[in-house]
Amino acid sequence: MSLQPVGQFPAYRPRRLRQNAALRRLVSETQLNVSQLVLPLFVRSGRKVRKPINAMPGVFQLSPDELVREAARAHALGVPTVLLFGIPDVKDAKASGAYARNGIVQQAVRRLKKELPELLVITDVCLCEYMSHGHCGIVHADQHGGKILNDPSLKLLARTAVSHAEAGADLVAPSDMMDGRVRAIRAELDRIGFTDTPIMSYAAKFASAFYGPFREAAESTPKFGDRRSYQMDAANANEALREVALDIAEGADIVMVKPALAYLDIIHRVKTEFGYPTAAYAVSAEYSMVKAAAANGWIDERAVTLESLLAMRRAGADILITYAAADVAKWLREK
Ligand code: PBG
């Protein structure tokens, strides 16, 4: 790309193209479109349940009936895709609820696909919400407070993904960050016959303080320790590329960077390096911070949200996962 030399004749005057909205639109390099939006939703058992998440105004744990209503509302506004998280009634040390045939996510997927067949349903594949200890993998029995076992966890993750596909999930999205899980999930999906179910992998998922409010929403706070032995160190960008390369080699169809706003450099490098469909996950605290500042009248919620998502697009994201998806869809219509 050649930059116009400055100070030569004829002088390049950038403001020429900023004179009115039509001109600005004409030369706009990046677009936000409703088709890019994914709305994360939390489902729990019950009927007519809308349990608010304290730190995430406007976000709820929903019973399946309310989930369908919420998804239908977003879908009517143009949001094409949801990402499902489940909160089971009971947790144990092998995350049984994650792959139960009639688990909460499996039930929810069946309902959504029956009542809203056009809606694209992605399921988050992880064990932390279903584990009594809140970790994303199996914990070594003798080493409580210690080791999260990698390879034994893969079987459970693959089982979980297959159970989601059997319920009708359109895509599965592993978020656990165990090594080799994309390969394990792809192999098991293929073995059962779900060769056409794509995998969106949380490929570069960082151990982040920005997940705080989510753990209240998903009731998945680790009971001991933290996730630093499996999620990435915030200091590392080259390693993120290696993580993404591995997931692609193992069969990922879409790769994700998470969180989004504080990791735009990673999004940019991943998109530039691999050219794969790339998703950015604007995580819970990104949402909470905007909500809190807006509630105080300190920022313009709509303008800040749209500008942040545009920045993710500019960095290279094709897919935008955001708790504000329904509002964004509405705002894009009004624009
Ligand atoms: C589960 C999972 C987490 C998020 C998505 N999937 C939490 C975590 O890793 O602790 C975070 C999402 C958010 O903060 O919005 N592994």
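The values are calculated or read from the model by the stated rules, or taken from the named source; none is laboratory data. What you see is a predicted model, and the numbers here were worked out from it, not measured in a lab. Cβ sites come from the backbone with ideal geometry, for glycine too, and all protein chains shown count toward neighbours. Note: areas computed on protein heavy atoms with side chains; ligands, DNA, RNA excluded. Shrake-Rupley method; radii C 1.70, N 1.55, O 1.52, S 1.80 Å.
Observations on the structure shown:
- Checking every residue in the range 193-204 against the condition of being assigned to a helix (DSSP H, G or I) and surrounded by fewer than 21 Cβ atoms within 10 Å (Cβ to Cβ) gives zero matches.
- Selected residue (only one of L309, L320, L261 is within 16 Å of the ligand (Cβ to nearest atom), in contact with an Asp or Glu (Cβ under 6 Å, 6 or more places away or on another chain) and at pLDDT 95 or above): L261
- Within the range 1-32, considering residues that are closer than 17 Å to R314 by Cβ and part of a loop (DSSP other than H, G, I, E, B), the one modelled with the lowest pLDDT: M1
- Against the criterion of being over 30 Å from A158 (Cβ atoms) and out of contact with any Cys (no Cβ under 6 Å at 6 or more places or on another chain), R313 qualifies.
- Subset of the range 195-228 [near the ligand (Cβ under 9 Å from one of its atoms) and of a type in the set (A, V, I, L, M, F, W, C)]: A207, F210, F214, A217, A218
- Of all residues in the range 105-123, those satisfying the criterion of being open to solvent by less than 10 Å² (accessible area, probe 1.4 Å) and part of a strand (DSSP E or B) are V121, I122, T123.
- Strands (runs of 3 or more DSSP E) fully within the range 34-88 counting 2 or more residues that are open to solvent by 20 Å² or more (accessible area, probe 1.4 Å): 50-52
- Count of the range 117-171 residues, restricted to those that are small (G, A, S), more than 15 Å from the ligand (Cβ to nearest atom) and over 19 Å from R101 (Cα atoms), is 4.
- Helices (runs of 4 or more DSSP H) contained in the range 226-307 and holding at least 1 residues surrounded by 16 or more Cβ atoms within 10 Å (Cβ to Cβ), touching a residue at least 24 places away in the same chain (Cβ under 8 Å) and among the hydroxyl-bearing types (S, T, Y): 284-295
- Boolean, G180 is touching a residue at least 40 places away in the same chain (Cβ under 8 Å) and either within 16 Å of the ligand (Cβ to nearest atom) or surrounded by 19 or more Cβ atoms within 10 Å (Cβ to Cβ) (or both): no
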